[in-house]
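Accompanying notes for the structure given below.
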Amino acid sequence: MHPADPPSLDATNDRPRWDPRVHACVQALTLDGEVIGQNLTGLFSRADELVDIHGDTPGEKVALVEFLLALCYASGAYPTSTEEWQHWVQESHPLGEVSSWLARQPDDDWDLFHRERPLGQNALLAPFLEEHSTGPAQLVIESAGDYNQFADHHHLDHPDPLPAANAFRAMLTQHVFGLSGRGRISGKATLGPAVTYLATGRLGGRIRVLALGRTLGHTLRLNLVPTAHEPRVLNLTWTAGPIERRGFKAKPPGRAVRGYADLHSYLGRSVLMRPRPGLGGEEAVVDRVLIGAGELLELDPELHLQDAVMSVTRTGVEKPLWPSPTRDVWREAHALYAAVEKESGGLYARLAKLPKERKADRHPFDLLAVGLLSNKSTPTGWVTSVFPFAPGQAPALYQASLRGSQVAEHVARSLDRAAYAAWAITYPNPKPADKKAQLARFDARGEQWKATEEPFHTLLLDVAEGAMVADCMPGYVEWLVRTAREFLDTRLDSLPKNGPGLRARAAARRSFETELTSSRAPADLTELKEGAT
């Protein structure tokens, strides 16, 4: 079957065929603002006619870009040096050759439901699929929860089928973002005891940063790592290809990475899906799935973590920036811009060397940061933020993000002090167990952090477009302080209008103003006080 032909069924068992080169596997946005379904071949042939691709979640979008990068390397469409990479980016090197390469590939290699070598899956699980599989929702990271009951209250064996395109994208997301823990698969009954122990995926537990360009083609070129080595080992299925796969009798050490196509397509999970034809002529669906342990990679930080923003833990350990349930990603923007300014990490060194834009739009691309939040082995949600970037503006963006973050942190600290001042008067004899809830009554930091994100991004966007940091900061600071006062007053409105209530209100306001411009305050806040006097 040629990739342009319609899908067919396996005559022996009515097994549907589903090929992402043929079928629409992703939603894409055109330059005209139209959202269209697109297959892999179309994504590359129209790469510079499409603004972006969409995933059901931020992680799914990242996983799709990862797979598209793997196809670039596997087809030979990649730069071999930093100089060539810069030429590719500046001259919009076409990526249509990837489409031509895809069209030449054997059809059986791209069948998601092939009996012996299903795309992205491990056919060794086939003998155990009927007895040990679960409903297809287990494939979707953010809905599976702790495997006992899904977020939408569906049981693990809920029978709702998953369309093939959704299952394909969910599988790619599992491969790179899957969390560690026990799988719903018995090692005694299947391939060995180690098959049930799931390792953290390559992007699990850290923030992945992608450069997002004006078009899909621009995005892919920005994120291709130049290499002079042969990177074409592509992981299409577990049981075929040049890579010797791990066994499951015991946990093995990580294997060496065989180039960038291998890195971006590695099979972080052993997955097997059971298909059935869709109803009423619709495309195939997945009604059962089995998931076990997958590949383990030995990563070279210099080669394989080129986007990582390094951060230091409280214990002094340096590691890639990680998703936090209490600290939004945008609050770490200064670390990302510092990586560009210092040219740390291969991606940031290349971005720092791009020439300044001479066009009216001096903000040609963004930096997308995505991470998966979890409570131990249970995923709880995605964290994501988009930061504007302009070549040559990294120092100014670093200063803006650092100063903007410092001001926001100190305003939040001032609100914390104000809450304590109100609490100390309102509850003179508190029970220790009640203190946390009592303080929360007057704590406006949550509202303040939520409200600060948009003006913070506006500050960065203005600087990326060429505005001076010194000109932007006063307006940003004044807005934050005014908003913080309003949020504090709203919290204090719950106080009674009697003597203790009035004293608590006055103490909270006085504490906020004193801390706001104390000796510990950033210069931007003390300058605001000096300007007022």
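Results, tabulated for the structure shown:
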{"quantity": "Output for the range 422-444, where each listed residue is outside any loop (DSSP other than H, G, I, E, B) and either among the aliphatic types (A, V, I, L, M) or buried (at least 19 other Cβ atoms within 10 Å of the Cβ) (or both)", "calculated": "ALA422, TRP423, ALA424, ILE425, THR426, ALA433, ALA437, LEU439, ALA440"}
{"quantity": "The one condition in (1) within 26 Å of the chain's Cα centre (by Cα); (2) within 24 Å of GLY37 (Cα to Cα) that TRP88 fails to fulfil", "calculated": "(2)"}
{"quantity": "Matching residues, the range 90-117, being in contact with a Pro (Cβ under 9 Å, 6 or more places away or on another chain) and more than 18 Å from ALA74 (Cβ to Cβ)", "calculated": "GLN90, PHE113"}
{"quantity": "Failed item in (1) among the charged types (D, E, K, R); (2) open to solvent by less than 30 Å² (accessible area, probe 1.4 Å); (3) in a loop (DSSP other than H, G, I, E, B); (4) under 30 Å from TRP18 (Cβ atoms), with ASP307 passing the rest", "calculated": "(4)"}
{"quantity": "Criterion (at pLDDT below 95 and aromatic (Phe, Trp, Tyr)) met by exactly one of PHE67, PHE128, PHE113", "calculated": "PHE128"}
{"quantity": "ARG246 modelled with pLDDT under 95 and not small (Gly, Ala, Ser)", "calculated": "no"}
{"quantity": "Every residue from the range 76-92 that is touching a residue at least 40 places away in the same chain (Cβ under 8 Å) and open to solvent by 10 Å² or more (accessible area, probe 1.4 Å)", "calculated": "GLY76, TYR78, THR80, SER81, THR82, GLU84, GLN86, TRP88, VAL89, GLN90, SER92"}
{"quantity": "Selection count, the range 237-266, where residues are buried (at least 23 other Cβ atoms within 10 Å of the Cβ) and in contact with a Ser or Thr (Cβ under 8 Å, 6 or more places away or on another chain)", "calculated": "2"}
{"quantity": "Flag for VAL411 being at pLDDT 90 or above, assigned to a helix (DSSP H, G or I) and either of a type in the set (Val, Ile, Thr) or within 30 Å of ASN498 (Cβ to Cβ) (or both)", "calculated": "yes"}
{"quantity": "Members of the range 403-421 found to be farther than 11 Å from GLN448 by Cβ and open to solvent by 40 Å² or more (accessible area, probe 1.4 Å), listed by number", "calculated": "ARG403, GLN406, ARG417, TYR420"}
{"quantity": "Residue check, ALA293 under 28 Å from VAL140 (Cα atoms) and in contact with a Ser or Thr (Cβ under 9 Å, 6 or more places away or on another chain)", "calculated": "yes"}
{"quantity": "Filter result for the condition that a residue is farther than 30 Å from ARG255 by Cβ, open to solvent by less than 30 Å² (accessible area, probe 1.4 Å) and at pLDDT below 95, over GLY346, GLY316, GLY278", "calculated": "GLY278"}
{"quantity": "Evaluation of ALA189 against (1) open to solvent by 10 Å² or more (accessible area, probe 1.4 Å); (2) within 30 Å of ALA335 (Cβ to Cβ) (one fails), failing number", "calculated": "(2)"}
{"quantity": "Extreme residue, nearest to ALA164 (Cα to Cα), among residues of the range 98-139 that are in contact with a helix residue (DSSP H, G or I) (Cβ under 6 Å, 6 or more places away or on another chain) and without any contact (Cβ under 8 Å) to a residue 40 or more places away in the chain", "calculated": "ALA137"}
{"quantity": "Every pair of residues 6+ apart whose Cβ atoms lie under 7 Å, when the first sits in the range 155-183 and is touching a residue at least 24 places away in the same chain (Cβ under 8 Å) and over 15 Å from LEU68 (Cα atoms) while the second is basic (Lys, Arg) and not in a loop (DSSP other than H, G, I, E, B)", "calculated": "GLN174/ARG269; GLY178/ARG269"}
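The rows are residues; the columns are (1) of a type in the set (Phe, Trp, Tyr); (2) in a helix (DSSP H, G or I); (3) under 29 Å from GLY254 (Cα atoms).
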| residue | (1), (2), (3) |
| --- | --- |
| ASP287 | no, no, no |
| SER311 | no, no, yes |
| ALA335 | no, yes, no |
| GLU357 | no, no, no |
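The values are calculated or read from the model by the stated rules, or taken from the named source; none is laboratory data. Owing to the predicted nature of the structure, the values given are computational and were not obtained by experimental measurement. Please note: Cβ atoms are built from the backbone with ideal geometry, for glycine as well, and neighbour counts cover all protein chains shown. These accessible areas exclude ligands, DNA and RNA; they are computed on the full protein's heavy atoms, side chains included. Shrake-Rupley method; radii C 1.70, N 1.55, O 1.52, S 1.80 Å.
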